[in-house]
Amino acid sequence: MTRDATVPPSPKRPMRADARRNYDRILAAAGAAVAQHGADASLEEIARHAGVGSATLHRHFPSRQALLEAVFKDRVETLCAKAHALAAAPDPGSALVTWLRAVGAHAVTNRGLGAALMPDAGGDPALGETCHTSIVNAGSELLARAHQAHAVRPDVTITQLLKLVGAIALATEGDRDGAAETDRLLTLVIDGVRSRGTAQRGSSDMTDEDR
């Protein structure tokens, strides 16, 4: 007898504690491997650094694509959580700058991850759009607060800021210390997005967090 198409599938059972630990270790090891070696990082090395066997890795992530998608989604979720936490910070301008630095670090450590997840490379077409929307929404909340505090020029948009950070990260992706260089270059352009009154105070008024 065929299953009634109107009956929803059974909910997925939650992972056991040991399975969740293995999943988290694999995800962390994969993230570190991608940051160091790029999207072609060895799955065997990832399993070894996670302290699991190849069979365990493939049980959680049946393909390289599935593992890369999980790494990307995990990074995006971390960025969005950071934005939400910073939304309560007392200094909206510094909160926005702190988050942009985190976005820069995220982008420069992708090392080909974005290209590997494109639809023409076999990636989920909806993944990139969903993750991009999540980042834009999270950043928009911080930018709105910065606008209200007159810490950022009123004509600056979140799309412009994300393009700026992405361009800097792309330019430094091949550098030996790409994350640090991204942060240095971002520091150089921060004054360009500040409100005129804020920028006129000069770099001596920047907080330690902004430097």
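The values are calculated or read from the model by the stated rules, or taken from the named source; none is laboratory data. These figures come from a predicted structure and were not determined experimentally. When we count neighbours, we look across all protein chains shown, and the Cβ atoms used for this are built from the backbone with ideal geometry, even at glycine. Side chains included, ligands, DNA and RNA excluded: accessible areas come from the protein's heavy atoms. Shrake-Rupley method; radii C 1.70, N 1.55, O 1.52, S 1.80 Å.
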On the given criteria, is HIS84 open to solvent by 60 Å² or more (accessible area, probe 1.4 Å), modelled with pLDDT of 95 or more and either out of contact with any Phe, Trp or Tyr (no Cβ under 7 Å at 6 or more places or on another chain) or among the charged types (D, E, K, R) (or both)? yes
Among the listed residues SER54, SER42, which satisfies the condition of being among the small types (Gly, Ala, Ser), in contact with a Leu (Cβ under 8 Å, 6 or more places away or on another chain) and open to solvent by 20 Å² or more (accessible area, probe 1.4 Å)? SER54
Please work out if ALA41 is in a loop (DSSP other than H, G, I, E, B) and without any contact (Cβ under 8 Å) to a residue 12 or more places away in the chain. yes
Return only the number of the condition from (1) assigned to a helix (DSSP H, G or I); (2) closer than 30 Å to GLN148 by Cβ that ALA55 does not satisfy. (2)
In the range 41-99, anything of a type in the set (D, E, K, R) and in contact with a Cys (Cβ under 8 Å, 6 or more places away or on another chain) is listed as LYS73
Taking the condition of being in a helix (DSSP H, G or I) and surrounded by fewer than 18 Cβ atoms within 10 Å (Cβ to Cβ), how many residues in the range 61-75 meet it? 6
Assuming SER94 fulfils every condition listed in (1) outside any loop (DSSP other than H, G, I, E, B); (2) farther than 23 Å from VAL189 by Cα apart from one, which condition is it? (2)
Subset of the range 146-156 (residues that are loosely packed, with under 12 Cβ neighbours inside 10 Å and free of Cβ contacts under 8 Å to residues at least 24 places away in the same chain): ASP155
